[in-house]
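The values are calculated or read from the model by the stated rules, or taken from the named source; none is laboratory data. The shown structure was predicted, so the numbers you read here are calculated from the model rather than taken from an experiment. FYI the Cβ positions are ideal-geometry reconstructions off the backbone, even for glycines, and counts take in every protein chain you see. The accessibility values were calculated without ligands, DNA or RNA, using every heavy atom of the protein model including side chains. Shrake-Rupley method; radii C 1.70, N 1.55, O 1.52, S 1.80 Å.
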Amino acid sequence: MILHDILAEVQPFGARLIAVSKTHPPDKILALYQQGQRDFGENRVQEMMEKQPLLPADIRWHLIGRLQSNKVKYIAPFVHLIHSVDSLKLLQEIDKQAAKNNRIIPCLLEFRIASEESKSGLYLDDAISILASEAFRAMKHVKIHGVMGITTLTDDQTQIRAEFRHLRQIFDHLKNQFFPEDPDFRELSMGMSGDYILALEEGSTLVRVGTLLFGPREYF
Ligand SMILES: *Cc1c(COP(=O)(O)O)cnc(C)c1O
């Protein structure tokens, strides 16, 4: 499927498309860039670090995969949005590395909405204790822009829709409790190649599409 067709579906919802370029070589990223795409998602720090200097500086790099605290420093100078914050400890490290780079790094809190054991992420209570903590309130170099989640790998549309709704409820809860006056808290990162239309219907503002744009994954 080509970029144009996906954008035609995403834009009427006022959402943004993140092209998930993991495992794909820089020339394929550049080809989409030349068609106007600027938001790209990677799930590994190492791969993002290798690609970033090879590509145009105005690409907005989204870190969508699990992030270890000891690797934050490598992406802190340039990352546009970290989607996968799943602990206070990680947020503290992002704050520290962002301060060193004299910037504020936008972050999303990742929630566990899938039924599979393997999927990572916070529960609502975990997020509430992070956001209510003194440690969080002292941070000057991170900004929480919203939430992210990955649904169960299933063909059951009813289940997927319910999981998106659950994430939407988490978003609404946190918005009301912690960010009622904050226009930056507005992102719901949900939806991938197989379910992004459903995600848009359920209020997604950022869809993360890989396979549909780039084809099956290769190795970089
Ligand atoms: C790989 C990945 C995607 C894209 O998945 P596709 O099915 O290829 O569209 C989206 N989100 C995350 C977190 C991913 O790791």
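Within region 70-92, residues that are closer than 22 Å to Lys119 by Cβ sit with their Cβ atoms under 9 Å from residues that are more than 15 Å from the ligand (Cβ to nearest atom) and among the aromatic types (Phe, Trp, Tyr), at 6+ positions apart or across chains, in these pairs: Leu88/Phe136; Leu91/Phe136. Here region 140-149 is the region considered, the condition is being closer than 20 Å to Gly203 by Cα and in contact with a helix residue (DSSP H, G or I) (Cβ under 9 Å, 6 or more places away or on another chain), and the residue that is farthest from the ligand (Cβ to nearest atom) is Ile144. On the stretch given as region 180-220, residues that are surrounded by fewer than 16 Cβ atoms within 10 Å (Cβ to Cβ), under 17 Å from Gln169 (Cβ atoms) and not charged (D, E, K, R) total 1. The C-beta contact set for region 202-215 (first residue modelled with pLDDT of 95 or more, second residue more than 6 Å from the ligand (Cβ to nearest atom) and among the hydroxyl-bearing types (Ser, Thr, Tyr), distance under 6 angstrom, 6+ apart or interchain) comprises Leu206/Ser189; Val207/Tyr196; Val209/Tyr196.
When Ile29 is tested against (1) more than 23 Å from Lys119 (Cβ to Cβ); (2) assigned to a loop (DSSP other than H, G, I, E, B); (3) in contact with a Ser or Thr (Cβ under 7 Å, 6 or more places away or on another chain), only condition (2) is not met.
Per-residue answers, yes or no, for (1) within 16 Å of the ligand (Cβ to nearest atom); (2) modelled with pLDDT of 95 or more; (3) among the charged types (D, E, K, R):
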site	(1), (2), (3)
Gly14	no, yes, no
Ser21	yes, yes, no
Gln52	no, yes, no
Asp58	no, yes, yes
Ala76	no, yes, no
Asn102	no, yes, no
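Does Glu9 count as under 20 Å from Leu212 (Cβ atoms) and either touching a helix residue (DSSP H, G or I) at 6+ places or on another chain (Cβ under 6 Å) or within 15 Å of the ligand (Cβ to nearest atom) (or both)? When the stated conditions are applied, Glu9 passes them. For region 113-148, the set of residues classified as of a type in the set (Val, Ile, Thr) and either more than 22 Å from Ala162 (Cα to Cα) or modelled with pLDDT of 95 or more (or both) consists of Ile128, Ile130, Val142, Ile144, Val147, listed by residue number. Screening Pro25, Pro53, Pro12 for residues that are more than 26 Å from Asp195 (Cα to Cα) and of a type outside the set (S, T, N, Q) leaves exactly one candidate, Pro53.
Per-residue answers, yes or no, for (1) farther than 20 Å from Glu47 by Cβ; (2) surrounded by fewer than 20 Cβ atoms within 10 Å (Cβ to Cβ):
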site	(1), (2)
Ser69	no, yes
His80	no, yes
Leu91	yes, no
Ala98	yes, no
Asn102	yes, yes
Phe111	yes, no
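Close Cβ contacts (under 7 Å, 6 or more residues apart or on different chains) running from residues in region 180-195 that are within 30 Å of Leu153 (Cα to Cα) and among the small types (Gly, Ala, Ser) to residues that are near the ligand (Cβ under 9 Å from one of its atoms) and open to solvent by 30 Å² or more (accessible area, probe 1.4 Å) comprise Ser193/Thr211; Ser193/Leu212. Would you mind stating whether Leu153 is under 17 Å from Gly65 (Cα atoms) and open to solvent by less than 40 Å² (accessible area, probe 1.4 Å)? When the stated conditions are applied, Leu153 does not pass them.
Total residues in region 168-220 satisfying the condition of being more than 13 Å from the ligand (Cβ to nearest atom) and of a type in the set (Val, Ile, Thr): the figure is 2.
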